[in-house]
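First up is the structure itself, then whatever we jot down about it.
The values are calculated or read from the model by the stated rules, or taken from the named source; none is laboratory data. It should be emphasised that the depicted structure is a prediction, and the values quoted were computed from it without experimental measurement. Cβ atoms come from the backbone with ideal geometry, glycine included; neighbour counts cover every protein chain shown. SASA here: full protein model, heavy atoms, side chains in, ligands and nucleic acids out. Shrake-Rupley method; radii C 1.70, N 1.55, O 1.52, S 1.80 Å.
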Amino acid sequence: MTATEHLTDLTLSLLADGELDEAQTIQSQAHLQQCAACQSRLDATRAELTAFQTALSLGETAPDEIVIPDFKRPASLRGFALANIATGLVIWLAQFLWKTLFGELFVNAASWLTSIYVPDIYELITTTALYYLQEGTAMLEAYIGLTILTLVTVTVLGLLFTLRRHRAAGSLCVLVLVAASTLAPAPASALEIRKDQNVVTVSADESIDDTLIATAETVLIHGNISGDVIAAGRKVEVTGSIAGNLFAFGDSVVVRGDVGGLMVGSGSTVDVLGGKVGGNLFAAGNMVSVDTDSVVGGNVGVAGQRGSLAGVIQQDVYSFTEMLEVNGTLSRDLSAFGARVQLLDAAHILGDANLHIGAEDNLHRSAGARIDGKLEFMDTPEDFKPTNRYATVGFYMWQAARLIAALLFGLALLWLFPGFASVTLGGGLEGLKSAGIGFVSLIILPFAVALTAITLVGLPFAFVGLISWILLVYLAKIVVGIAVGQLVLSNSEGTASNVMVLLVGLAIIIVAVNLPIIGGIINFLLTVLGVGLIVQYVARPSGPLKRA
């Protein structure tokens, strides 16, 4: 060893501990006599060793029991105020908006159902609507009451725990609880709810100044309603006046009166007979008809097997029926999708007629029928014609977007649960076991969600379960991608980063699921396998919450 070759840190540490052999010690001492820098480093190493020995000797004489004082977060007036404000807002929102929550939930679900023409399920739709409307209000009130009680109780217990050492803490919490229960007004129904097993009737001399929900075998509305009406039954008949919107569902829906706003109807038959609808009309059924004495002030959308429009329609008409018959006045355009269209003698279309009916022979036009605008037989748009997806730039851009999104989700998954990096693809019986667990999980979770959603109380839990199932399906192939990336890069020199592992694995999976013919099968199998791996990882004793 020359003077220019300094001793390494390891050599200095061993020399300070006296662990070098005799020859190395002599050689190191000779170098230290010539090198002041190494001598200084050795002195520092010995001083550090002496400090460690002193600290360890002090630890031996430490007391057997060390009392560490409890950490107490000081009570904050700001936190106390925020807790009370949050509780008050929840109580106010629950009382003020519960009608809107229930109305929007039911109406949106019903509107979605009316957009799908399935004649054979009208009986099921009617029965389900009757059950929800007859039993749902009480269940919703109980659910909201339980939520409010839970929030208030948690707030009070939190305050009591935070201020438990103050003398006035108990009295203050009791005061908050009493004030919340006495100052907050009792929940009051802002709806007129009528339900009966047989008949619900609003007589001709009766007026209702708010929204009406009516459920029965037969719902008859002869009076005046100033708000909206939601009616469900075997038969719904309206001969009175409704200032707001009408949502009617039943085997037979008949409107002979006036509806000031929107009308949404679904049933085996939906008929507007001498009635007037001020807004849009959307109806689905085996037969949807608007007779010659009826007027619709907005757009008309019909879906089903047959539609008959003989009145005055003041806006556009959109028809998705197998057979459409027009024998009235359409003030604007007609867009028809179906098998046949008949324009009878009294038909008068002031705008254009765009017919998607396959061929011109499928149009029957009487001599008296008039079309002021253009009559066009529309072909299938180019965007809807089958094309080779592999020959389009958009396909590869979409796959690149999928890869980037999956990469980001995968990195987030590994950051939250690093243990997923150790997930491997088992072969033979182990792989079959994972696939079997995944297949069973994919079936059981949606079934459990459907059972939970039977009652309104279970709807929030059903929603959480549905979101969990969707997330599980999406993450399945990402987890398989992690395992595939680890397998591919296992023979490479060094340890591959998470980004590289995910990038390689996900790229292979995206290519596999887009293979012609067999890509769909591979996609399903990888999803099943990934769900099985996730379930096994979550269920194992170490659990997903223990970081690697």
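Key figures for this structure:
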{"quantity": "Criterion violated by Thr292 - all others in (1) farther than 16 Å from Asp345 by Cα; (2) open to solvent by 50 Å² or more (accessible area, probe 1.4 Å) satisfied", "calculated": "(1)"}
{"quantity": "Set Leu502, Leu506, Leu471: member being at pLDDT 85 or above, open to solvent by 70 Å² or more (accessible area, probe 1.4 Å) and assigned to a helix (DSSP H, G or I)", "calculated": "Leu471"}
{"quantity": "Elements of type strands (runs of 3 or more DSSP E) in the stretch 342-421, at least 1 residues being within 35 Å of the chain's Cα centre (by Cα) and modelled with pLDDT under 90", "calculated": "353-356"}
{"quantity": "Residue match in the stretch 30-37 (condition: under 60 Å from the mean Cα position of the chain (by Cα), open to solvent by 60 Å² or more (accessible area, probe 1.4 Å) and at pLDDT 80 or above)", "calculated": "no"}
{"quantity": "Tabulated pairs, the stretch 388-409, first over 17 Å from Leu515 (Cα atoms) and touching a residue at least 12 places away in the same chain (Cβ under 8 Å), second aromatic (Phe, Trp, Tyr) and not in a loop (DSSP other than H, G, I, E, B), C-beta under 9 angstrom, 6+ apart or interchain", "calculated": "Ala406/Tyr474; Phe409/Tyr474"}
{"quantity": "Set Gly279, Gly301: member being part of a loop (DSSP other than H, G, I, E, B), open to solvent by 10 Å² or more (accessible area, probe 1.4 Å), of a type in the set (Gly, Ala, Ser) and closer than 20 Å to Val253 by Cβ", "calculated": "Gly279"}
{"quantity": "Neighbours by Cβ (under 7 Å, 6+ apart or cross-chain): first from the stretch 330-341, without any contact (Cβ under 8 Å) to a residue 24 or more places away in the chain and among the polar types (S, T, N, Q); second part of a strand (DSSP E or B) and open to solvent by 20 Å² or more (accessible area, probe 1.4 Å)", "calculated": "Ser335/Tyr318; Ser335/Asn354"}
{"quantity": "Within the stretch 258-276, tally of residues that are open to solvent by 20 Å² or more (accessible area, probe 1.4 Å) and within 31 Å of the chain's Cα centre (by Cα)", "calculated": "1"}
{"quantity": "Residues (more than 15 Å from Leu281 (Cβ to Cβ), surrounded by fewer than 22 Cβ atoms within 10 Å (Cβ to Cβ) and within 33 Å of the chain's Cα centre (by Cα)) located in the stretch 229-257", "calculated": "Arg234, Asp251"}
